[in-house]
1. At R0 = 30 Å, how high is the FRET efficiency between residue 8 and residue 74 if r is their beta carbon distance? Nearest 0.05 is fine.
2. How long is the gain from residue 309 to residue 38 if the chain were fully straight, where each residue apart is worth 0.36 nm and the alpha carbon distance is subtracted?
3. For the stretch 16-34 and the stretch 203-220, what is the separation of their C-alpha centers, rounded to whole Å?
4. Give, in nm to one decimal, the length gained when the segment between residue 186 and residue 27 is fully stretched (0.36 nm per residue of separation minus the Cα-Cα distance).
5. Could you compute the FRET efficiency for residue 298 and residue 246, with r as their C-beta to C-beta distance and R0 at 25 Å, rounded to 0.05?
6. What nm distance separates the two modelled labels at residue 20 and residue 263, each placed 7 Å from Cα along Cα→Cβ?
7. Hey, how many Å between the Cα centroid of the stretch 318-343 and the Cα centroid of the stretch 125-188?
8. Using the 10 angstrom Cβ neighbour count as an exposure proxy, how do 348, 143 rank, fewest first?
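FYI, it's all coordinate maths here, none of it is from the lab. In this text, all values refer to a predicted model and were calculated from it rather than measured experimentally. Every residue, glycine as well, gets a Cβ built from its backbone with ideal geometry; the counts of neighbours run over all protein chains shown.
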């Protein structure tokens, strides 16, 4: 299967390189972890808290990105590179991905956002991926995505503490540790989405970076949406979804990987940047998942379910699904999208500086 100007052999080579690079970066990350645990002399776990305790920027982030960027630029000097750490040092938040093949990297799956000063006193906030690492909560990872014509096609996510490597490439499928094909849920075939979705589903969500406690702000809209999804059927003016459970890993990258695996049925989030989701989207789509916008349209029953826009910062993901006696897998995914849209609030995440 060729993608754009790439042959399958070229894609296979890029994929093998990305997997090897992900593991090497993971080894470097584990070295830092071991140094922290052992308290090795001369090791400094430098981190910086800015205007919020949610923002922790470690030297490890920057070191890992330099390591990954140098390896990519040496191997593929004609490809573009976009990384969280180098991107965060600038003031622009323009969507920088174009038609050129682009590597989109999150070295330690923490997200950073610069808010306009007139909106909030919190100048810079970080999503909890880096916070997970700082607290040795094991849900942190290396995220490497390869994008062609605005579409993530190759993804590698390596969580070294659990030794979990998620990967995907067109023509190869999506895999866990290159041994188990995603999604893992198949007995003997991939089940459709539950007939009463979102009930019977695991719903994944994150509190995010925007913690301003203001009337009808993003945090309060998320809280209302979470409550709608969790509440018993028939409650909250019919919006109660009574999901089986709600999960927050503190990492959008791993949320997407676990949705591709089938461990999560639904992931809903706003505020993510390209590097937070590129690898996970590549893996989820290759596994057979669906990704569209988080924000509900005026009429959830009739609005078209459009493919993702990578720069939108608003995402709703549905796990891979197989057919039932009455629906195709895609139909069951789209039905679930509409049921989620009926229960969630519209989120407001722009691109500051754009």
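1. On the way: r = 24 Å, r/R0 = 0.79.
Efficiency for this residue pair is about 0.80.
2. Numbers: separation 271, 0.36 × 271 = 97.56 nm, distance 4.37 nm.
So the chain would gain 93.2 nm between residue 309 and residue 38.
3. That distance is 33 Å.
4. Details: separation 159, 0.36 × 159 = 57.24 nm, distance 3.17 nm.
Result for the pair: 54.1 nm of gain on full extension.
5. The computed FRET efficiency comes out at 0.40.
6. 2.8 nm
7. Their Cα centres are 23 Å away from one another.
8. Details: 348 14, 143 34.
So the residues, fewest neighbours to most, are 348, 143.
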